[in-house]
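The block underneath contains the structure these notes are about, expressed in structure tokens.
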Amino acid sequence: MIAAVCMGLILRDAFRLPYWWAGTLLLSIAPAWFLHSRTAFETVTFVSFYTGGLYLYLLYRYRSPRFLYFALILFALAFYTYNPGQLVVVVTGLLLLISDGRYHWQNRAVALRGVGLLFLLALPFLRFRLNHPDAMQDQLYKLGSYWIQPITTQEKFRRFGQEYLYGLSPGYWFVPNSRDLVRHLMRGYGHLIQATLPLAVVGLAVCLKNFRNSAHRVVLIVFLAAPTGAALALVGVTRALVMVIPATLLIALGLIALISWLEKKWISRRLLSFGLFGVLALLNFFMLGQVLVKGPTWYNEYGLGGLQYGARQVFSEVKDYLKENPSALSWCLRAGRTGQM
């Protein structure tokens with residue numbers, strides 16, 4: 001909910017755009033978010049805290065310097081929620097420090113107190129690193145990261161660059177792929193809807209055109225920072241889920257630019273608002289209907305790499321079969337003990 005609400009508020013309070021509410025609806029039809037926001041994966045919590053931190057940072061930038069303290073707290077919550085997200089938060093912070101350096105200096109009293117708060121927020125991490133110095137290496141080992149493989153440093157950075165660029169690739173986000181496990185995919189969909197790619201391109205052009213504006217730079221910063229954590233290992237949608245935030249902002253900026261152009265062509269804002277809301281709401285219900293009706297039969301993989309939940313139809317059939325063939329159960333038990341299964 002934090003990410004969904006803040007997506008609209010960013011467009012309203014930082015960009016001061018009409019149709020700002022479209023950002024929330026656009027996020028809700030991003031297939032990667034549509035699927036994962038309904039799960040208990042901690043990556044979703046990370047993205048929500050991170051989006052909240054972005055919104056509060058923009059309030060610091062455009063409303064009151066005091067919002068910096070709240071932004072740091074939300075970014076800290078994001079940092080502690082999901083391990084691959086830690087690098088994303090750090091890179092975002094460094095780029096925001098450079099991007100708005102003049103503004104930070106103008107409000108240096110608040111910024112210095114923010115540094116003190118940041119130190120307090122970092123104490124649990126520093127304590128953990130002192131008590132468990134090998135934890136980060138162990139995590140990379142569990143992920144199968146190339147950083148702990150016996151290859152040259154040059155090769156490691158080359159691999160990082162490849163994965164990073166793949167995490168930015170429209171081909172990964174907008175085209176259905178076979179890299180991710182099926183439980184992270186919606187059959188027939190990319191992680192983002194293909195039809196919104198031209199809007200994202202328009203939004204990117206808007207950000208580049210308004211590069212002098214801090215809010216537009218923030219979108220570009222988040223876009224560049226989003227794949228960094230995932231690139232430490234193989235890019236996957238859970239590790240790079242935060243990309244849906246800058247992507248949705250770009251799509252929203254492109255869409256609102258198009259709608260605003262139509263408005264200048266003497267189409268009333270009220271008519272455009274009702275039409276836009278209707279289309280996006282219908283897309284939400286259409287996607288929900290597809291998932292509820294067709295989703296159970298999209299995939300039939302129920303092993304470790306497949307759908308480890310659901311499949312009620314499959315298990316009900318198994319129960320009926322065992323009732324009709326009671327000897328099959330004893331065979332399965334024997335096969336399991338002897339390693340024949």
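Yes or no, residue by residue, for (1) modelled with pLDDT of 90 or more; (2) of a type outside the set (S, T, N, Q); (3) more than 19 Å from the chain's Cα centre (by Cα):
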{"residue": "N131", "(1), (2), (3)": "yes, no, yes"}
{"residue": "Q137", "(1), (2), (3)": "no, no, yes"}
{"residue": "L140", "(1), (2), (3)": "no, yes, yes"}
{"residue": "S145", "(1), (2), (3)": "no, no, yes"}
{"residue": "Q149", "(1), (2), (3)": "no, no, yes"}
{"residue": "G161", "(1), (2), (3)": "yes, yes, yes"}
{"residue": "L165", "(1), (2), (3)": "yes, yes, no"}
{"residue": "P170", "(1), (2), (3)": "yes, yes, no"}
{"residue": "W173", "(1), (2), (3)": "yes, yes, no"}
Handout entry: Flag if P227 is in contact (Cβ under 8 Å) with a residue 12 or more places away in the chain and either touching a Phe, Trp or Tyr at 6+ places or on another chain (Cβ under 8 Å) or surrounded by fewer than 17 Cβ atoms within 10 Å (Cβ to Cβ) (or both)
Key = yes
Fill in the blank from the handout: For R217, the lone unmet condition from (1) surrounded by fewer than 23 Cβ atoms within 10 Å (Cβ to Cβ); (2) over 22 Å from Y62 (Cβ atoms); (3) touching an Asp or Glu at 6+ places or on another chain (Cβ under 9 Å) is (2)
Fill in the blank from the handout: For the range 16-35, pairs from a residue that is within 16 Å of G254 (Cβ to Cβ) and in the same structural domain as P176 (by TED's automatic domain parsing) to a residue that is polar (S, T, N, Q) and crowded, with 24+ Cβ neighbours inside 10 Å, with Cβ under 7 Å and 6 or more apart or across chains, are G23/T248; L26/T248; L27/T248; A30/T248
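Surrounded by 12 or more Cβ atoms within 10 Å (Cβ to Cβ), of a type in the set (A, V, I, L, M) and modelled with pLDDT of 75 or more, is that true of L288? Let's see the steps before the verdict.
Details: surrounded by 12 or more Cβ atoms within 10 Å (Cβ to Cβ): yes; of a type in the set (A, V, I, L, M): yes; modelled with pLDDT of 75 or more: yes.
Spelling it out, L288 is indeed surrounded by 12 or more Cβ atoms within 10 Å (Cβ to Cβ), of a type in the set (A, V, I, L, M) and modelled with pLDDT of 75 or more.
Kindly evaluate V235 against the criterion of being in a helix (DSSP H, G or I) and either in contact with a strand residue (DSSP E or B) (Cβ under 6 Å, 6 or more places away or on another chain) or of a type outside the set (G, A, S) (or both).
On the way: in a helix (DSSP H, G or I): no; either in contact with a strand residue (DSSP E or B) (Cβ under 6 Å, 6 or more places away or on another chain) or of a type outside the set (G, A, S) (or both): yes.
Judged against the criteria, V235 is not a match.
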Handout entry: Any chance I2 is within 27 Å of L120 (Cβ to Cβ), surrounded by fewer than 21 Cβ atoms within 10 Å (Cβ to Cβ), under 16 Å from the mean Cα position of the chain (by Cα) and touching a residue at least 12 places away in the same chain (Cβ under 8 Å)
Key = yes
Exercise for the section: Could you tell me which of the residues A71, A78, A40 is modelled with pLDDT under 95 and of a type in the set (G, A, S)? Expected result: A40
Problem - Residues (of a type in the set (A, V, I, L, M), more than 12 Å from Y19 (Cβ to Cβ) and part of a helix (DSSP H, G or I)) located in the range 261-278 - result: L271
Practice task
Determine, yes or no, whether S64 is touching a residue at least 12 places away in the same chain (Cβ under 8 Å) and either assigned by TED's automatic domain parsing to the domain that holds H184 or in contact with a strand residue (DSSP E or B) (Cβ under 8 Å, 6 or more places away or on another chain) (or both).
Solution key: no
Exercise for the section: Would you mention how many residues in the range 27-72 are assigned to a loop (DSSP other than H, G, I, E, B), more than 16 Å from V242 (Cβ to Cβ) and not basic (K, R)? Expected result: 4
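Scan the range 73-102 residue by residue and report those that are touching a residue at least 12 places away in the same chain (Cβ under 8 Å), of a type outside the set (A, V, I, L, M) and either in a helix (DSSP H, G or I) or not assigned by TED's automatic domain parsing to the domain that holds V244 (or both). Full working, then the answer.
As a first pass, look at the range 73-102 and keep what is touching a residue at least 12 places away in the same chain (Cβ under 8 Å): 73-89, 91-93, 95-96, 99-100.
The next check asks that each one be of a type outside the set (A, V, I, L, M); those that pass are 75, 79-86, 92-93, 99-100.
Once the filter is applied, which keeps residues that are touching a residue at least 12 places away in the same chain (Cβ under 8 Å), of a type outside the set (A, V, I, L, M) and either in a helix (DSSP H, G or I) or not assigned by TED's automatic domain parsing to the domain that holds V244 (or both), the range 73-102 yields F75, F79, Y80, T81, G85, Q86, T92, G93, S99.
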Practice task
Might you check whether a residue that is surrounded by 12 or more Cβ atoms within 10 Å (Cβ to Cβ), part of a helix (DSSP H, G or I), touching a Leu at 6+ places or on another chain (Cβ under 8 Å) and assigned by TED's automatic domain parsing to the domain that holds L68 occurs anywhere in the range 138-147?
Solution key: yes
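The values are calculated or read from the model by the stated rules, or taken from the named source; none is laboratory data. If you're wondering where the values come from, they're calculated on a predicted model, not measured in any experiment. Here the Cβ is made from the backbone with ideal geometry for all residues, glycine too, and neighbour counts use every protein chain on show.
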